[in-house]
Structure formats: C-alpha cells, structure tokens
Amino acid sequence: MNQEKIPATVITGFLGAGKTTMIRNLLQNAGGKKIALIINEFGDLGVDGDVLKGCGAENCTEDDIIELTNGCICCTVADDFIPTMTKLLERDARPDHIVIETSGLALPQPLVAAFNWPDIRTHVTVDGVITVVDSAAVAAGRFADDHDAVEAARVEDDSLDHESPIEELFEDQLTCADLIVLNKTDLIDVDGLGRVRAEVASRTARKPTIIEAKNGDVPAVVLLGLGIGTEDDIVNRKSHHELEHEDGTPHDHDEFDSFVVELGPIADPAAFVDALKGVIAEHDVLRLKGFVDVPGKPMRLQVQAVGSRIDTYFDRAWASGEARATRLVVIGLHEMDETIVRKAIEALV
Ligand SMILES: Nc1nc2c(ncn2[C@@H]2O[C@H](COP(=O)(O)OP(=O)(O)OP(=O)(O)O)[C@@H](O)[C@H]2O)c(=O)[nH]1
C-alpha cells in the first residue's frame, strides 16, 4: 500500500465567494486524479453537495463526496472532521488528493491545526489553504467596516472586543491563505481590481500568492500540488479570536444565523426573484440559496443570491420519486429578525 501522505487542499472564503463554483471546475479538469471531497456548509440545506454531486465528474463520484452538516467544520473538528477523515483513510481505494470546502463562515485555522493530530498527521498533509475572494464584494466595501461606528459602539459597551464579525472573518480567512484567488473579476473593471488586490494584500501580514479568476476557472495544476504542509506553519497564522483569547476559549458563530424557508410552487420565477432582491436588500440578508419548484417545468430552478445579486438556472430534472418543493436557506447576521424575513419571503408567493 502506498504510505505517502495524501495531500489535502483546504478551500475557504466568505459566503458566496465562489468556492463551490471553483471546485466544480477543478473536478472537471483534474486530469485523472482521484479526488475525495469533504464539504461543509452553513445552514440546513445541502446545496453545495447537491451541486457538486450533480456535476458527474468521473474522478470524484457521489461516493467520494462527504457532507459535514453538523455546523461549521472549525467548531466540530473533534466530533465530525477527525472521524470523517479517519474513515476516509481506512477506505481500500485511497484518493490521490483530498479537497475540503469549508463553510463561508468557517475559520480555517482550527481545521488546519487538526492535521497535527497524531492519527491524521501520519497519513495526510495540508497541500495548501486557498482563499477565494468575491472581488466585487470587496470593491463594494462589504468587508470594510465603518470604524467610527464600531468605535462609538465600543465606547457605549466596553465588552465589545472586536471589529465587525464579517470583517474579522474575512481577515482570518486571508491570514490563513497560501494562495488567494480574486474571483468574479468579470464584475469589476481593471482599476477596481487593482484596488481590490491592494486591499486584500493589506489585510494580511503574510505574503501569499494572489491570482485572479472568473467563475473560479483556475487550472488544476495551479490549485493542487502547492506542497506547503500548512499545518507546520499554522502558529504563524493566528485568527483574531486566537490572538484575543490565548487561554484557548473556544470561538463560536453566534454573530450569524440561518434558517430554511419552504414555499409552494412558484409560477413566475422572474417576478419572485425580482421581489426577493428587495427583501434581501431591506433586511441585509448575506446569502440565500436553494431550489424552486416551477410548475410545468421538469427541471428544478437553482437560486443563488450573494447580497442582492441573484443568479438562477435550471440545474437538473426533478428525480422520479423526489418531492418537488421550493426550499431556500437564508443566512444573515444574528440581528436579522427571522420571523420578519420569513414572512417577507412567504408574502412573495
Ligand atoms: N459573475 C460571477 N458570478 C460568479 C463567479 N463565481 C461564482 N459566481 C456565482 O456566485 C454565486 C455563489 O457561488 P458559489 O460557488 O456557490 O459560492 P460559495 O463560496 O461556494 O458559497 P457558500 O458555500 O454559500 O459560501 C453563484 O451564483 C455563482 O454562479 C464569477 O467569477 N463571476
């Protein structure tokens, strides 16, 4: 049996940056490498797994795609990730490469640190951490906080020990990166992209390689085979939380919430999506995704909203025996009022 360590690539990046899209491309051009995929998603609707299983890549079959659904991978390392990895390594057919997609809200640091656990370390190494960035969102200032407002809030309440949770998470994901992919370059111009590159570089003290991409289209040879062994360097990539709580207090994701909305069939999806934009903007929904049942259509309609930008496409036929339904996962900051947002979305049908 080949006892060389299996390389594992960790793909991280904020909600909607384009991680799943990049992985789908990767699976389709991985040149015969047998890939096992571990996917972790925030919210109780396995959209990413569904999308990736549907891409039909021969080098990564449905059996090779493992979904971790018990919360963010960074919080469930011991209970979920390590046992999953152990089981994967016990398989007769070892993969050539393991790819792990973290949830958009995950801190990559605890996940990478888990590769130093004795049972894992002897069999696997982190080939590299790749952080995908939504360049358009950076250009729109979505990760830049209103520092004056934060300072004012701190004066009111001195228990506030950090900046906006989104900004902090964005920086933590950049700080952990070996390679940063500035994705969605089609949505901004060259000058804007230059500013995004400068801003991203300024938010990490390290100097990872930064490349640009559209629709996550990056050759597999660029993504796989970085050969870094990131677990050996993880102490130099501490998250804000680790720096602020050196006593080891565990972090949580209390700042974010998600819920699933179930609706009946939607006869006019264009009007629905249009109205949905208004709800998303009014209630600061960060991410919304799922599937819509359009009466009379044999295919289901996939809806992907990142901020108020919404993409829709018919992705596959409803399977025989599969209950047709409209199901959407909604993710926002904790202060988002679930009852109000749920009612606002239900009122669109
Ligand atoms: N215009 C444009 N859209 C893109 C690009 N890359 C991805 N998208 C779209 O952005 C949306 C989110 O992409 P995903 O790949 O699902 O993002 P993700 O990072 O996996 O999202 P989460 O898992 O929810 O955090 C989808 O509608 C994609 O089609 C790009 O380069 N340009």
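The values are calculated or read from the model by the stated rules, or taken from the named source; none is laboratory data. Please read these numbers as outputs of a predicted model, since none were measured by experiment. Virtual Cβ from ideal backbone geometry, glycine too; neighbours counted across all protein chains shown.
Checking G290 against (1) in contact with a strand residue (DSSP E or B) (Cβ under 9 Å, 6 or more places away or on another chain); (2) among the small types (G, A, S); (3) more than 16 Å from the ligand (Cβ to nearest atom): exactly one of these is not met. Which one?
Going through (1) in contact with a strand residue (DSSP E or B) (Cβ under 9 Å, 6 or more places away or on another chain); (2) among the small types (G, A, S); (3) more than 16 Å from the ligand (Cβ to nearest atom) one by one, G290 breaks only (3).
Among the residues of the range 212-231, how many are within 14 Å of T131 (Cα to Cα), away from the ligand (no atom under 16 Å from the Cβ) and under 20 Å from the mean Cα position of the chain (by Cα)?
Here the count works out to 2.
Scan the range 77-99 and tell me whether some residue there is outside the structural domain of D311 (by the TED database) and within 12 Å of the ligand (Cβ to nearest atom).
Step one: filter the range 77-99 for residues outside the structural domain of D311 (by the TED database), giving 77-99.
Now restrict to residues that are within 12 Å of the ligand (Cβ to nearest atom): none.
Scanning the range 77-99 turns up no residue that is outside the structural domain of D311 (by the TED database) and within 12 Å of the ligand (Cβ to nearest atom).
Could you tell me which numbered condition L105 fails, if it satisfies all but one of (1) in a strand (DSSP E or B); (2) surrounded by 19 or more Cβ atoms within 10 Å (Cβ to Cβ)?
(1)
Name the pairs: first residue in the range 174-188 and within 14 Å of the ligand (Cβ to nearest atom), second residue outside any loop (DSSP other than H, G, I, E, B) and of a type in the set (D, E), Cβ to Cβ under 7 Å, at least 6 apart or on different chains?
So the pair list comes out as L182/E212; N183/D134; K184/D134; T185/E212.
Looking at the range 31-49, which of its residues are at pLDDT below 90 and more than 11 Å from the ligand (Cβ to nearest atom)?
Once the filter is applied, which keeps residues that are at pLDDT below 90 and more than 11 Å from the ligand (Cβ to nearest atom), the range 31-49 yields G31, G32, D44.
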